[in-house]
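One structure below.
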Amino acid sequence: MSNPQQIVELAHEVKRLAAGKIGDINEINRETTFLALNALIEAARAGDAGKGFAVVANQVKHVSARIADVTTGLNRELAGALARLTELGDSMISRMRSLDGQRCADLALNMIDIIDRNLYERSCDVRWWATDSAVVESLSEASPAAAAHACNRLAVILDSYTVYLDLWVVDANGVIVANGRHATNPVRSRSVSDARWFTEAMKTKSGTQYVASDIESVPLLGNAQVATYSTAIREGGTANGRPVGALVIFFDWAPQASAVVKSVRLSEQEWARTRCLIVDSRSRVIAASDGKGLLEEQFRLNTDGKSSGCYETPQGNVVSFAATPGYETYRGLGWFGVICQQPA
């Protein structure tokens, strides 16, 4: 099937050619009329000898007039018809782009919804793991044996939940006392007291609360890109117990998010001109189907206050977007699913 955009572009080209050729005919006709007038003047000067030539000049003048009438009619009818054709074509393309933009906005919503549902599970994990007896005892007993037992328990969890890079137990002073990847990631005794996810976790009012942080690269995890979730570990493992430390879990963001943005249902032709993104509340690109600009590129959206929609950029690209809807108790962090398409 022909590309509608190419059909419209062809109509514009025909309109341009028609206007140009009609202009050329008019210019030639003006020159012919001018020559006929000059011939009549010269024939008049020649008197009787020029009468025969005057007849020819008059006929040329009449032919020029007829050509002028034809070109005027052609310009009015053909140019008018082509103008209507191109207007209809442009309108059709505009409607198609609008419909395609809305479809992509729906796909963007699906992207961010998958992310939200995934991260909702992370918020549940951190809250119930913080009540695990081995985790609580590692802080309440504060002994090497309790810490070792907690490390082993966290390692068992990580064996089943492979989407995590590590789980840390941090005491009230901000010192890591246990972690699940203790053999390959020796972070015990390191201080993280200045990390926002620790200080905010210690401020939570009950075990039902948690802290969700924006995507960041963590040096102690080899600068891996992670989604960090934390909550207070409470005395006795009860929801209202006194905070004695924090549990911090690191979701392996990069591969999980990459799978989401690369799984959008687009045709092969669409993928050739499309980029799918997750953009955070600070306009940072935190996931991209082309793998570019992660945590560095700023992609500023023109949402016009809407949670979902599409718009065309000055470069002719169509940007479709959808804000995080949140899921259950996870309200989201102001992120957007974004699909940016170049013209077909």
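Laboratory data are not the source of any read-out in this text; all were calculated from the coordinates shown. Quick caveat, the model's predicted, so the values are computed rather than measured. Virtual Cβ from ideal backbone geometry, glycine too; neighbours counted across all protein chains shown.
Assign one of three labels to the stretch 230-344, namely rounded, prolate or oblate, based on the Cα gyration tensor with a ≥ b ≥ c the square roots of its eigenvalues; rounded applies when a/c is under 1.5, prolate when it is not and a/b is larger than b/c, and oblate otherwise. Verdict is prolate for the stretch 230-344. Using only the C-alpha atoms, the convex hull of the stretch 240-304 corresponds to 171 Å³ per residue.
Paramagnetic label reach from SER258 (point 7 Å along Cα→Cβ; backbone nitrogen cut-off under 17 Å): within the stretch 202-222, residues 216-218, 222. In summary, the aspartates and glutamates within cross-link reach of LYS262, defined as a Cα separation below 12 angstrom excluding same-chain residues under 8 places away, comprise ASP290.
Using the Cβ-Cβ distance between THR72 and TYR311 with R0 set to 45 Å, the FRET efficiency from 1/(1 + (r/R0)^6) comes to roughly 0.60.
Placing R0 at 41 angstrom, the Cβ-Cβ distance between GLU328 and GLU9 gives a FRET efficiency of 0.25 after rounding to 0.05.
Along the Cα-to-Cβ line of SER281, 7 Å from the Cα, sits a label point; which residues in the stretch 290-334 have backbone N less than 11 Å from it? From the stretch 290-334, the list is 331-334.
Gain on full extension, evaluated as 0.36 nm per residue between ARG117 and GLU27 minus their Cα-Cα distance, stands at 25.5 nm. Using a cutoff of 8 angstrom between alpha carbon atoms and counting only pairs six or more residues apart, the relative contact order for the stretch 160-208 works out to 26 percent.
For the stretch 122-256, the percent of C-alpha pairs falling in each 5 Å distance bin, counted from 0 to the bin holding the largest distance, reads 2, 12, 24, 27, 22, 10, 3, 0. Judged by the mean number of other Cβ atoms found within 10 Å, the most tightly packed of the peptides 107-115, 245-253 leads the ranking 245-253, 107-115. Between GLN342 and SER193, the contour length at 0.36 nm per residue exceeds the Cα-Cα span by 49.0 nm. For a paramagnetic label modelled on ARG300 (point 7 Å from Cα along Cα→Cβ), amide N atoms under 11 Å away are absent within the stretch 107-128. Packing, taken as the mean count of other beta carbons within 10 Å per residue, orders the peptides 300-307, 234-241 from highest to lowest as 234-241, 300-307.
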